[in-house]
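One structure is given below, encoded as C-alpha cells.
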Amino acid sequence: MANNPKPQPNEWYVVRNSQIHGRGLYARKDIPKDTWIVEYVGERVDKDESDRRANALLDSAKESGGARVYMFILNDEWDIDGNVSWNTARLMNHSCEPNVEAQTWDEQEIWFVALHDIKKGEELTFNYGFDLECWEDHPCLCGKASCVGYIAGDDYWPALKKKVAAKKAREEKKLREAATVKKVAKGKKSVTKKVAAKKEVAAKTVAVSKKTVAKSVKAPAKKKQAKKSKPAAK
C-alpha cells in the first residue's frame, strides 16, 4: 500500500473547488468504465484504534461544529485512516448517483474504480455508505434527482425516507401549531382593539350627551335672565 508523504500524482483527475462541498476531484480527461482511478491511502489501524479515533472526532465535533472522519474499512481486522495530506482520494465527495465505487484489492488496498464512462470535467463521486445512526448530522448536497437529502448507503434509503417523512410531518405540525397560536393571539388583539374602540365611542357619546344636557339646563336660565333685563314698555 502506498504511504508517501507527497500528494498522489494522477493522470485521471485534478483537484478543484466543488459545488457539492469544499474541494473535489474532477476528471482530467475522459475516464473509461472500470478504470482504477486512485488508491485510498493512509495509516492502517486496527478496529479498536479506528473506533477510538472516530469517536474522538465526533466528540470534538460537538464543540467545534464539525469534524471529518476519513476512516475506511479495509477488512475484518484493519481500517485505513485516510486523514493525511497526501491522500487526495479523501477529497472525493458523496453523491446519491455516484460515478465511482470503492473496491478492495486482495484485502490490502482500497481503490476508487469508475462505475461507467466518465466525461472530462465531471466531478468524481462515490456513495459514502453511512448508516442511519447520526443521519441528521450528514445532509447531502449532491443535487441529483434521486437525492434522499442525507448521506447514507442506498441499502438504508427505504428506512431513511420514512425517517425524513416523519421529520417533515413533525416540522409541519409545529408550523401549524405556531400559526394557530399566532392566529389566536391576533384574534385576541383584534377583539381588544374592538372593545377599546367601542369604549372610546361610548365615552365620546356619554361626553356629548352630558354636554347636551348641560346646554339644555343652562338655556332656560339665560332666557329668564334676558326677560328680567328687558326694559319696561312706556
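Quick notes on this structure:
- Residue that is surrounded by the fewest Cβ atoms within 10 Å (Cβ to Cβ), among those in the range 87-117 that are under 21 Å from Asp154 (Cα atoms) and among the β-branched types (Val, Ile, Thr): Thr104
- Residue in the range 3-16 that is modelled with pLDDT of 85 or more and in contact with a helix residue (DSSP H, G or I) (Cβ under 9 Å, 6 or more places away or on another chain) present: yes
- Residue in the range 123-136 that is among the polar types (S, T, N, Q), part of a strand (DSSP E or B) and out of contact with any Lys or Arg (no Cβ under 7 Å at 6 or more places or on another chain) present: yes
- Of all the residues in the range 131-165, those that are among the charged types (D, E, K, R), closer than 29 Å to Ser60 by Cβ and exposed (fewer than 12 other Cβ atoms within 10 Å of the Cβ) number 3.
- Residue in the range 151-167 that is without any contact (Cβ under 8 Å) to a residue 40 or more places away in the chain, touching a Pro at 6+ places or on another chain (Cβ under 7 Å) and among the aromatic types (Phe, Trp, Tyr) present: no
The values are calculated or read from the model by the stated rules, or taken from the named source; none is laboratory data. Nothing here was measured: the structure is a model prediction, and the numbers come from that model. Counting neighbours? That spans all protein chains shown, and the Cβs are built from the backbone with ideal geometry, glycine included.
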